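The values are calculated or read from the model by the stated rules, or taken from the named source; none is laboratory data. Just so it is clear, the model here is predicted, and its values are computed rather than measured. Cβ: placed from backbone, ideal geometry, glycine included. Neighbour counts: every protein chain shown. Accessible surface areas use protein heavy atoms only, side chains included; no ligands, DNA or RNA. Shrake-Rupley method; radii C 1.70, N 1.55, O 1.52, S 1.80 Å.
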Amino acid sequence: MVAEIIINRLAKDLNRIFDYLVPDSMVKTIKVGARVFVPFGSKNSPTEAFVIGLKNVSEFANKYILKIEDFPLTEENIELAKLMSRRYFCNISECIKLMLPPGEKTTNLENRIKDKTANFVYLKKEDDEIELDIEIGKIKNSKHIKILRFLEENNGIHIADLEMFLEVARATVKTLEKNGYIEIIEQKIERNPFKNRKIERDKPLQLTEEQQIAFNKINNSGFNEFLIYGVTGSGKTEVYLQLIQSTLNKGKKAIVLVPEISLTPQMVDRFSRRFGNCICVLHSKLSIGERNDQWKNIKTGKCRIVIGARSAIFAPIDDLGIIIIDEEHDISYKSDMSPRFNAKEIARYIAKKHEIPLVLGSATPDISTYYNAKNIIKLTKRANNSNLPEVEVVDLRKELANGNRSILSERLKEEIAKNLENKKQTILFLNRRGFSTFVMCRDCGYTVKCKRCNISLTYHSKENKLKCHYCGYEMNNITICPKCKSKNIKHFGSGTQKLEEVIHSLYPQATTIRMDIDTVSRKNSHEQILNRFKDEKIDILIGTQMIVKGHHFPNVTLVGVIAADASLNAEDFRANEKTFDLLVQVAGRAGREKLPGKVIIQTYSTENFCIECSKKQNYDEFYKTEIEIRKQLKYPPFCDIIMFGINSSDKEEIEQASNKLYKILKKHGQEQMQIMPPLPAPIDKIKYRYRWRIIAKCKLNSKIITIINDALDEYYKQKFKKTRVIVDVNPNNMS
Ligand code: ADP
Ligand code: ZN
Ligand code: ZN
């Protein structure tokens, strides 16, 4: 017997099947999905691999499998991994990784639950910074490299786990701490996010007529895809809950995907109240041990409802009866890292395979989802009868003409003052962190850029530093121009720190809290800031898009959007859609309950249809205009945009590699794709790596997928050593 195996490594040239002989002693036990060790490489050293196929003979097999380790994967997993590898242009082993139990060697964790606190290890530097230090030989010790690379994927691991996994001594870990690469932090252990939380159970609500119609259509439908399109508060979640109840009643299980950022305790509590402890939660902020616990609970059947961010679609759940994707328009369902999978596509595949319903829900559906949807179910009324807030648009050009150079318009100032007087809360939204967005010499025009990236540095007033938002590089603020020695240095653009300062000077009595990447760091603190805002009745919450989702603040009656244009000008086919979603979502934070809400949107482009439609909170009108634009420009859903991102540490090699790839793509797919010649990317250097790209347009189908895979195979034979290629279809970010 012969096994087809995949070596568990990420190198591009190892993404192929190797044939190995199965010794007689293993013939009875070996299965597709088994983890094995095989002799591999010039030294024939035992190497981890996965069995992805079995057959009787092979002319290539001449070595025997050494050992069967365990059976972590099903045949279905392997089939999906193979498909994904072709569709997302990555290695099968990368896809398999998503389906493996997290940190499966963690054995003695149970004992540690008794401890109240433990030491957890966190990286202090960015992944690429570390990779760079490895590349230039600043880190040489192979154990150090092993630890750092492991932490890149398992940041925040229990120190004892780290030592056990990697077989390293405490002293080795401590050296890395001393050298400033990691920090060891004592933290409370919260193995079970629900333990010790007393939750009152609730009962299903009497559905409204609209909800009942939605429920009836979906329940018992077999394989079918539905889009529930309903404003926030229209009772979508209640429909999900009752569909899940009906699924459980039939002895089946459910997966519910939500955007990572809306996976708040409030949201989870709502499921706990209805279903008790048969739910489990999977997301990236959990420790490796917590995730492992959850994985086990799913496997043993203790957990029957999985709630999680995009990777939860790979949870090892059997007897699946329904998949629900809430806020389906959220771009976090598509991964930005390899494998660049889209959880909606995976969900469709699984739903079809299991012949079960897939339910997508949103108040502002993804343009492509809406266009392609066959079963749209509308919920038009708010279930609790609260009203949508009143939205007012302020023209910043007029403010300037009237001599107001502040980032706050007169109207917004007035309303903030009124709200403070009435002891009501305010949210101010500005999607730029830091103090000022760039720093320039007035005399010679010099702008301070990151030495690693081709990007202007942002001034952060609190630390008096200039920071790069792409790579984390920091330098001291400058007061003298490095080029012409002028002292005439000027700061342009405003970020959340400046906004906070302006608020303090205008309203010295107001209490404020700021939420952006700079204030949110470790586990939970996102949650802590929002809770403080809510519980301590802080007057004003200032933040980036982190503040937009999920939370319910009954006392917030005013929402101000400082610069609605910021996301409009982006070179991105989703720019309009992203702007509209964001504005509708932000507006949705105001007046969620009894109190009426007011929203003030400040903008330089009052006539832009995204702004107009968000003022009216009218998705239908937005959709009608946007879909026409997409059609004319040949953007999704009419065409797919395939981005070949090329990055390299070598300025010459990247140009050669890009031109080579372009030539190969032309050779394979000239007729089927419209391929644009290679060009440097809009941001042409990040973290010392140069960036080019090739953009192709066509409708992605299995033929095109084959063409691209063939072209990539040919390209990889060229061995451009310092250059990497990624392929991203309809990328979240085009910069
Ligand atoms: P969505 O998910 O669309 O935002 P929710 O399901 O969260 O809407 O419902 C919004 C509010 O209305 C919640 O407080 C919920 O408890 C309430 N609600 C939902 N359905 C009903 C119903 N059938 N009867 C009474 N209240 C309802
Ligand atoms: Zn100068
Ligand atoms: Zn940088």
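Measuring from centroid to centroid over Cα atoms, what is the spacing of the range 526-548 and the range 692-735 in Å?
Spelled out, the Cα-based centre of one part sits 42 Å from the other.
³J(HN,Hα) across the range 457-470 via Karplus (A = 6.51, B = -1.76, C = 1.60, θ = phi - 60°), whole Hz, x for Gly/Pro?
3J(HN,Hα) across the range 457-470, in whole Hz: 7, 9, 7, 10, 6, 4, 9, 6, 10, 9, 10, 9, 7, 9.
Counting only helical runs of four or more DSSP H residues, what would the 222 nm mean residue ellipticity of the chain come to if each run contributes -39,500 (n - 2.57) and the total is spread over all its residues?
-10000 deg cm²/dmol
Using the alpha-carbon centroid of each, what span in Å lies between the range 391-454 and the range 248-269?
Comparing the Cα centres of the range 391-454 and the range 248-269, I get a distance of 38 Å.
First measure r as the distance between the Cβ atoms of K125 and E209, then evaluate 1/(1 + (r/R0)^6) with R0 = 60 Å and state the FRET efficiency to the nearest 0.05.
0.60
Restricting to Cα pairs below 8 Å that are 6+ residues apart, what does the relative contact order work out to for the chain? Please round to a whole percent.
About 10 percent, as a whole number.
Could you give each residue of the range 395-401 its phi-based ³J(HN,Hα) in whole Hz, using Karplus coefficients 6.51, -1.76, 1.60 with θ = phi - 60°, and x for Gly or Pro?
8, 5, 5, 5, 4, 4, 4
Is there a quick way to get the dipole size of the chain? I mean about its Cα centre, with the Cβ of Lys and Arg at +1 and of Asp and Glu at -1; what is the value in debye to the nearest 20?
Roughly 800 debye for the chain.
Over the chain, give the accessible area per residue in Å² for a 1.4 Å probe, as an integer. Walk me through the numbers before you get to the answer.
Numbers: 34590 Å² over 735 residues.
Here the residues of the chain average 47 Å² of exposed surface.
Hey, which lysines would be in cross-link range of K598, C-alpha to C-alpha under 19 Å, not counting anything within fewer than 8 residues on its own chain?
K413, K418, K423, K424, K534, K537, K549, K615, K616
Select from A11, P357, L396 the residue farthest towards the positive end of the dipole of the chain; place +1 on Cβ of Lys and Arg, -1 on Cβ of Asp and Glu, and compute about the Cα centre.
Toward the positive end, the furthest listed residue is A11.
Leaving ligands, DNA and RNA out of it, report the carbon-plus-sulfur percent of the accessible area of the range 414-525 at a 1.4 Å probe. Numbers along the way, then the final one.
On the way: 2590 of 5570 Å².
Its accessible area is 47 percent carbon and sulfur atoms.
Per residue, how big is the convex hull around the C-alpha atoms of the range 564-685? Give it to me in cubic angstrom, could you?
145 Å³
So for each of 222-233, 557-568, 134-145 I average, over its residues, the number of other beta carbons within 10 Å; can you give me the resulting order with the highest mean first? It would help to have the intermediate numbers written out before the result.
Working: 222-233: 20.0, 557-568: 23.1, 134-145: 12.8.
The packing order, highest mean first, is 557-568, 222-233, 134-145.
Compute log10 of I(q)/I(0) for the range 228-285 with the Debye formula, placing one identical point scatterer on every Cα and leaving out solvent, at q = 0.27 Å⁻¹, to two decimals.
Here log10 of I(q) over I(0) equals -1.37.
Report the full-extension gain for the segment E177 to K381: residue separation times 0.36 nm, less the Cα-Cα distance, to one decimal in nm.
Answer, rounded to one decimal: 67.9 nm.
List the Cys residues of the chain that have no partner Cys with a C-beta closer than 4.7 Å.
C90, C95, C278, C471, C610, C613, C639, C698
Rounded to the nearest percent, how much of the accessible area of the range 316-378 (1.4 Å probe, protein heavy atoms only) is carbon and sulfur?
On the range 316-378, the fraction of accessible area on carbon and sulfur atoms equals 47 percent.
I'd like to compare 481-487, 303-309: which one has the highest average count of other Cβ atoms within 10 Å, and what's the full order after that? Could the numbers behind the result be given before it?
On the way: 481-487: 12.3, 303-309: 23.6.
Sorting 481-487, 303-309 by mean packing, highest first, produces 303-309, 481-487.
Give me the lysines in straight-line cross-link reach of K253: C-alpha distance below 21 Å, same-chain residues under 8 apart excluded.
Once the sequence-local lysines are set aside, what remains near K253 is K203, K217, K236, K296, K299, K302, K344, K352, K353.
Leaving ligands, DNA and RNA out of it, report the carbon-plus-sulfur percent of the accessible area of the range 560-645 at a 1.4 Å probe.
Percent of accessible area from carbon and sulfur atoms in the range 560-645: 52.
Could you report the accessible area of M546 in Å², rounded to 10, computed with a 1.4 Å probe on the protein chains as they sit in the structure?
Around 40 Å² of this residue is reachable by solvent.
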